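Down below is the structure, laid out as structure tokens.
What follows draws every value from the coordinates through simple rules; no lab data is involved. In this text the structure is predicted, and so the values were computed from the model without any measurement. When we count neighbours, we look across all protein chains shown, and the Cβ atoms used for this are built from the backbone with ideal geometry, even at glycine.
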């Protein structure tokens with residue numbers, strides 16, 4: 001695979017006389033792809049059924065004639081103001097029952113049938129007009145599903161759709177009452193019309209009620225996206241993409257990706273570190289201008305795996321992009337530092353090393369107006385080069401020199417499950433327990449050991465390609481994965497909290513985990529506040545600790561003599577949430593048993609192996625030594641693999 005560089009561009013923001021010059025400068029910079037159109041519905045259809053396609057025709061022609069390949073976005077993330085007048089009940093409602101009004105973006109409810117019809121209509125019209133245009137070589141559906149907490153809606157439209165979803169799933173209210181355990185607190189329902197979304201209750205709603213509402217909300221996003229994919233495919237053979245977000249678990253990206261040809265995500269490392277990642281002040285200060293050393297890679301691997309869903313390919317073969325790469329300070333985080341010199345190059349190469357076909361920077365020119373005017377681009381608002389332009393050009397030149405960068409299968413697999421994230425949001429049991437953070441901490445430990453990782457779908461049926469597999473925090477194991485673990489001849493570490501509940505979020509009998517060949521039961525659960533931990537022989541558990549019983553071997557103990565890791569030769573259960581150093585030590589021990597070389601990389605230095613190269617990335621703000629090579633701060637080094 002020969003990777004490419006792209007950019008996001010908004011021709012409607014600039015004088016038409018500037019388009020040709022912009023296109024020529026993009027090509028000169030080594031840019032191949034340009035994304036347009038995703039926010040321009042009000043210009044395409046300024047009034048209901050009154051269209052103006054001429055400006056978009058000209059923009060596509062100017063950009064395409066310059067040699068650029070176009071990703072054309074459907075504009076459904078920004079319905080025009082007249083749409084609200086036409087469908088005043090299409091707005092999503094927040095958890096307090098208040099409508100989320102017009103004036104920014106993503107102002108719609110996924111469940112509103114009228115807006116679904118409108119979205120199908122505008123998508124069909126665009127596909128009919130541009131589906132065979134030779135310059136339009138890919139499509140993007142909508143923009144950043146879930147951004148601004150918009151997956152979940154408590155609107156009347158969502159309420160009606162939720163009731164219908166429940167009726168289809170359970171067929172009778174008696175079955176629903178049994179599944180949800182509604183005999184508790186006299187919560188039984190007699191009619192579907194009695195059931196509301198789980199908001200505005202006196203105390204916490206019933207956990208399976210919350211979990212089913214999360215599943216329903218995810219399905220609504222998947223259905224909304226499928227409508228657009230179906231319409232595009234009637235008129236175009238070009239691949240369809242959606243740009244996912246980071247640290248976003250409110251819908252199942254694996255399920256949605258079955259309708260996509262290519263997945264992508266929007267990578268804003270510094271914004272995420274500032275706004276969304278819980279780390280110590282010291283850690284955040286060290287990586288203030290670089291971003292978390294493992295956050296981007298984790299998402300690259302998740303979305304590469306999601307990109308394999310449509311074709312059922314191996315996880316490392318998934319097709320994926322970075323659709324928006326941070327080029328400088330952003331506008332939306334609490335604080336918005338500028339990247340260290342070199343980071344815009346490092347981030348691009350890290351994505352490419354994880355298999356990205358394209359890294360597209362957001363945006364070409366910084367806007368001098370509206371909400372994102374403080375968001376940097378490759379150009380300043382006055383059209384002079386911003387610092388990231390030279391780095392993007394450097395990456396484009398280096399791609400030409402390096403050539404093929406093909407992803408390789410990793411020796412380690414990590415199972416990640418969106419349904420489990422919803423379950424632990426519904427019933428965290430400890431205020432700081434999240435499924436995402438648990439999986440991320442496992443991933444960080446693997447990366448610290450210098451390992452490349454494949455993210456695995458929770459219904460993976462064959463683990464034989466991996467020497468080591470981790471499955472932390474899975475609500476309940478799917479039948480394919482349960483069978484695969486029972487057959488597995490490598491080393492699998494599951495837990496904590498894996499297979500300890502039913503699909504309906506109740507405690508099973510016998511208590512879990514229930515995997516053939518594993519004689520271990522989690523019988524008592526403790527959540528540990530930040531002021532406490534559970535000391536081990538070496539290391540400690542934080543946040544979570546389970547008391548285990550069973551006849552299997554104890555591989556690690558707490559200082560008090562309780563099992564910390566328990567199981568057989570191949571399948572083992574982790575009884576708690578290790579702190580970072582403890583997790584890293586556990587991984588190194590397992591690697592030794594599995595015949596894997598494990599390192600203990602210094603903070604900030606990370607590795608990714610491709611089919612032909614080993615890439616080394618220095619996220620640290622100081623130079624770091626790798627063997628005999630001194631890698632500068634924000635530097636990238638690659639070498640041929642033997």
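A few comments on the model shown:
- Computed label-point distance, nm, for sites residue 125 and residue 204 using a 7 Å Cα→Cβ extension: 4.8
- Estimated distance in nm for a label pair at residue 312 and residue 82, the labels positioned 7 Å out from Cα along Cα-to-Cβ: 4.6
- Residue 183-residue 514 FRET efficiency (beta carbon distance; Förster radius 25 Å; 0.05 resolution): 0.55
- Averaging over all projection directions, the Cα-based convex hull of the stretch 253-334 occupies 5.9 nm² in the image plane.
- Each of 360, 452 was scored by other Cβ atoms within 10 Å of its Cβ. Arranged with the fewest first, they read 452, 360.
- Stokes-Einstein D for the stretch 1-132, Kirkwood Rh over Cα pairs, 37 °C, 0.692 mPa s (µm²/s): 201
- Sorted by Cβ density within 10 Å, fewest first, the residues 289, 258, 47: 47, 258, 289
- Efficiency of FRET between residue 431 and residue 65 - r from beta-carbon atoms, R0 45 angstrom, step 0.05: 0.20
- For the stretch 566-642, the convex hull spanned by the alpha carbon atoms encloses 120 Å³ per residue.
- Rg/Rh, computed from the Cα trace of the stretch 482-525 with Rh as the Kirkwood radius, has the value 0.97.
- Stokes-Einstein D in µm²/s, Kirkwood radius over Cα pairs - the stretch 58-117 at 25 °C with 0.890 mPa s viscosity: 180
- Likely footprinting exposure, 151, 553, fewest C-beta neighbours within 10 Å first: 553, 151
- With the simple spin-label model, which puts each label point 7 Å out from Cα in the Cβ direction, the residue 612 to residue 101 separation comes to 5.7 nm.
- Long-range Cα-Cα pairs in the stretch 493-642 (distance over 26 Å), rounded percent: 42
- Förster radius 22 Å - calculated FRET efficiency between residue 464 and residue 593 (Cβ-Cβ, nearest 0.05): 0.80
- Note on the chain: helix-only mean residue ellipticity at 222 nm, from DSSP H runs of 4+ residues weighted -39500 (n - 2.57) and normalised by residue number, equals -9500 deg cm²/dmol.
- Computed over the chain: relative contact order in percent, which uses C-alpha pairs under 8 Å that are six or more apart: 11
- Translational diffusion of the stretch 149-233, µm² s⁻¹ [Kirkwood Rh, Cα pairs; Stokes-Einstein; 20 °C; 1.002 mPa s]: 154
- Where only C-alpha atoms are counted, convex hull volume of the stretch 412-594 per residue in Å³: 101
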